[in-house]
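The next block holds one structure in the form of structure tokens; read it before the comments.
Readers should treat all values here as calculations from the given coordinates under stated rules, not as data from a laboratory. No experiment lies behind these values; they were computed from the predicted model shown. Please note: Cβ atoms are built from the backbone with ideal geometry, for glycine as well, and neighbour counts cover all protein chains shown.
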Amino acid sequence: MNAGWDALLAGVLLLLVAVATGWALYAQALRVDRLHRQVLGSRATLETQLVHRAQAAAELAASGCLDADSSHLLSRAAHDALECEAPLVEDGLDPSSVAPDPDVHMRTRAAVESDLSRVSRAVLDPQTRCELMGDPLAAQCLSRLDRAGYRLVLARRFHDTHVSETRRLRRSWVVRLFRLAGRAPLPGTFDMDDDLGPEHPPARHDEERA
């Protein structure tokens, strides 16, 4: 009788351990999935901020407040960013994004957006900024571009933080051993030049409001 009860008790304990282990693995899999969704959510926000920045740059270029050469350079960089069809990050995590055709040469989105950053810094040097601030229309356009640029920095920071958290979790032995990430690709960061330069006045103000 005692042997039978011992076997039953052992069986119940094993069942409880199996259930607890299964639940823990399920919870970990849900956490991985949640992090993937956070990456995609922050990526959508980043996409929005990139569009806002390019639109603000195009508006400034079309305002007539810059010289002809500067307007042309800024307008071209802004429209290149708005018209770029490359995915934000080519990691395949977003099922709705279209994978680039390997037979078609296309610049990466990061390269196009980095060009806009560099052109903006070159065109809007300290002297030009000082001159633009003396004109109400130019000051308004410049302020919009500055705010968009700073919000872009924040959006990219949040996105890359979520990516780092996801990659760190997916490197754990539990996730790798039990394949809790399924077939989901490993997310990648968005590596672009988003340096605002030393002449970015609204950064502190925007940070306090964020």
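Is it true that SER71 is surrounded by 15 or more Cβ atoms within 10 Å (Cβ to Cβ), among the polar types (S, T, N, Q) and within 29 Å of GLU165 (Cβ to Cβ)? Even if it seems obvious, please write down each step before you answer.
Values: surrounded by 15 or more Cβ atoms within 10 Å (Cβ to Cβ): yes; among the polar types (S, T, N, Q): yes; within 29 Å of GLU165 (Cβ to Cβ): no.
Criteria not met by SER71.
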(Q) What are the pairs with Cβ atoms under 8 angstrom where one residue, in segment 77-93, is among the β-branched types (Val, Ile, Thr) and the other, located anywhere, is surrounded by 19 or more Cβ atoms within 10 Å (Cβ to Cβ)? Sequence gap at least six, or different chains. (A) VAL89/ARG43; VAL89/ARG109; VAL89/PRO187; VAL89/PHE190
Q. Can we say ASP80 is more than 16 Å from the chain's Cα centre (by Cα) and of a type outside the set (Gly, Ala, Ser)?
A. yes
Q: Please note which helices (runs of 4 or more DSSP H) are completely contained in segment 108-191 and include at least 1 residues that are closer than 30 Å to GLY22 by Cβ.
A: 136-170, 173-177
(Q) Return the residues of segment 65-83 that are closer than 20 Å to ARG109 by Cβ and of a type in the set (A, V, I, L, M, F, W, C); say none if nothing qualifies. (A) LEU73, LEU74, ALA77, ALA78, ALA81, LEU82
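Here's the yes/no breakdown for (1) in contact with a Lys or Arg (Cβ under 9 Å, 6 or more places away or on another chain); (2) exposed (fewer than 15 other Cβ atoms within 10 Å of the Cβ); (3) within 30 Å of ALA181 (Cα to Cα):
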| residue | (1), (2), (3) |
| --- | --- |
| VAL51 | no, yes, no |
| CYS65 | no, no, no |
| CYS84 | yes, no, no |
| PRO95 | no, yes, yes |
| ALA139 | no, yes, no |
**Q.** Candidates ALA10, ALA57, ALA44, ALA20, filtered to the one that is in a helix (DSSP H, G or I) and buried (at least 16 other Cβ atoms within 10 Å of the Cβ)
**A.** ALA57
